[in-house]
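Scroll down for the structure; my scribbles are underneath it.
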Amino acid sequence: MVQSSSHEETVKVTMRAAQGKDYGDIDEMLNVVDHVPIPHLEDKPKKERKNWIVIKTLAVAVAPGDVRVLSGKTRELQGPPSLPYIVGGDVCGIVVEADDTTTTTEPQSPKNKNHDFRPGDLVVAMFNIEDLGPRGAMGEYALVNTKVCDKVPDGVSPEEAAAVASSGLAAMAVAQCIQKGDRILIFGAGGGVGSYLTQLANHHGASFVAGISRHPQRILEPPLSCDEAVDYTQENPWEKEEWINDPFDLVIDLIGGCWIELIHHSKSSGKGGMIVKTAKKGGRFVTMVADDPWFEAHSFWKATILFALLPAWRAIYTRVTRPISQLPTYSMVFLQGKQEKLTEALSLLKDGTIVSCLDPSSPVAFTTEAVRSAFRLQESRHAQGKIVVRVAQK
């Protein structure tokens, strides 16, 4: 049996949604259109409904995966089952439909936490990681998987909640590599993940946090509060003398390609020094992106090379050669799409440990031109924080 919040949701049959009509250019393929069928729990097989809810969408955060799916560069792996498809994955909204097995009167526990959503609840959900690619969120209503979904705490806006769904969890995964007292350099410190990570670095006990950004003044100011910032368009961070003289314990790459740069500078610097300590002295390099952030992969084999074999080879090589190498150890970490991580991120938001930093363009209007502009900004990789589309007012 399905619980619904009102008669209005049951009689309305179509909605407005942002659709990708095919793979390709953002301006050609992405449109906000009317008369899209509203999703319902009945769209799912009965045995699966306990893991799904329907929400009235309030806000959707734009992520690199949204742009990648639309581009078609990973269509065989992340593409939707059919076209056109509704874009977006990280979403905040109000529950309007829940299966009777999705709710419980039992005390909340780790075992039944996913089954505690009722019509009227304000919730946030990360894209369904089992689909591999984000989709289905940017419509007036969305069918949401509850496996990585939680209620939004009081005092946290829908836009702030949507922003933290993936980027906050990604930052938390990288932050686990930070050791107390570390001197840290973050490439991409002002982006969606970086804006959370700079805050978490201090929370995890880093002694010094430097950031690389096109907008250095912004990342020096609260809430990011980096100790030092470099505009990479004005200065080459790899050749910064004071950093060579006092190298970092940890370099974090959130933009892609920094390991290749590091290799290049290790060969050209000779004994002149690097901006990161060697593995023998405890130096570490951590990333969660491929060398090319807009990589193309049309098979699981290609994805396996990019995200398993190549990282594993680098990790092993830098550890085996630790005694003689100028390089730091290499590690690739991955987004942990887990319920408890989302709960932790929301708790950090509520108590003010982290703040969701939205790009100045946000909240983005729910129109074709505005949504296209949001995707183009994400594609440019020059967003200042998270880009969030406001689909409706709370």
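For a quick check of understanding: with a 1.4 angstrom probe and all protein chains in place, what accessible area in square angstrom does His298 have, to the nearest ten? Accessible area, nearest 10 Å²: 80 Å².
Partner aspartates and glutamates whose Cα lies under 12 Å from the Cα of Lys341, excluding those fewer than 8 positions away in the same chain, are identified as Asp150. Between Ser347 and His264, the simple spin-label model (points 7 angstrom out along Cα→Cβ) gives 4.3 nm. Projecting label points 7 angstrom from Cα along Cα→Cβ for Asp292 and Leu309 puts them 1.6 nm apart.
Looking only at region 195-234, which residues have a backbone nitrogen under 20 Å from a spot 7 Å from the Cα of Glu340 in the C-beta direction? Residues 204 fall inside that zone.
What aspartates and glutamates does Lys386 reach when the alpha-carbon gap must be under 12 Å and sequence neighbours fewer than 8 apart in one chain are set aside? Answer for Lys386, where 12 Å is the Cα cut-off: Asp90, Glu159, Glu160, Asp359, listed by chain and number.
What do you get for trypsin sites (Lys or Arg not before Pro) in region 298-362 restricted to DSSP loop and a cutoff of at most 16 other Cβ within 10 Å of the site's Cβ? Sparse-neighbourhood loop trypsin sites (Lys or Arg not before Pro): Lys338. For Lys240, go through the lysines and keep the ones whose alpha-carbon is under 23 Å away, minus same-chain ones fewer than eight residues off. Correct list for Lys240: Lys267, Lys271, Lys277, Lys280, Lys281. When Cα extents along the principal axes in Å is calculated for this entry, the matching label among (1) 69, 53, 44; (2) 73, 46, 38; (3) 74, 52, 52 is (2). By the helix-only formula, in which each DSSP H run with n ≥ 4 contributes -39500 (n - 2.57) and the sum is divided by residues, the chain has a 222 nm mean residue ellipticity of -7500 deg cm²/dmol.
The values are calculated or read from the model by the stated rules, or taken from the named source; none is laboratory data. Source: prediction; values computed, not measured. We place every Cβ from the backbone using ideal geometry, glycine too, and count neighbours over all the protein chains shown. We work out accessible area using only protein heavy atoms, side chains counted, and drop any ligands, DNA or RNA first. Shrake-Rupley method; radii C 1.70, N 1.55, O 1.52, S 1.80 Å.
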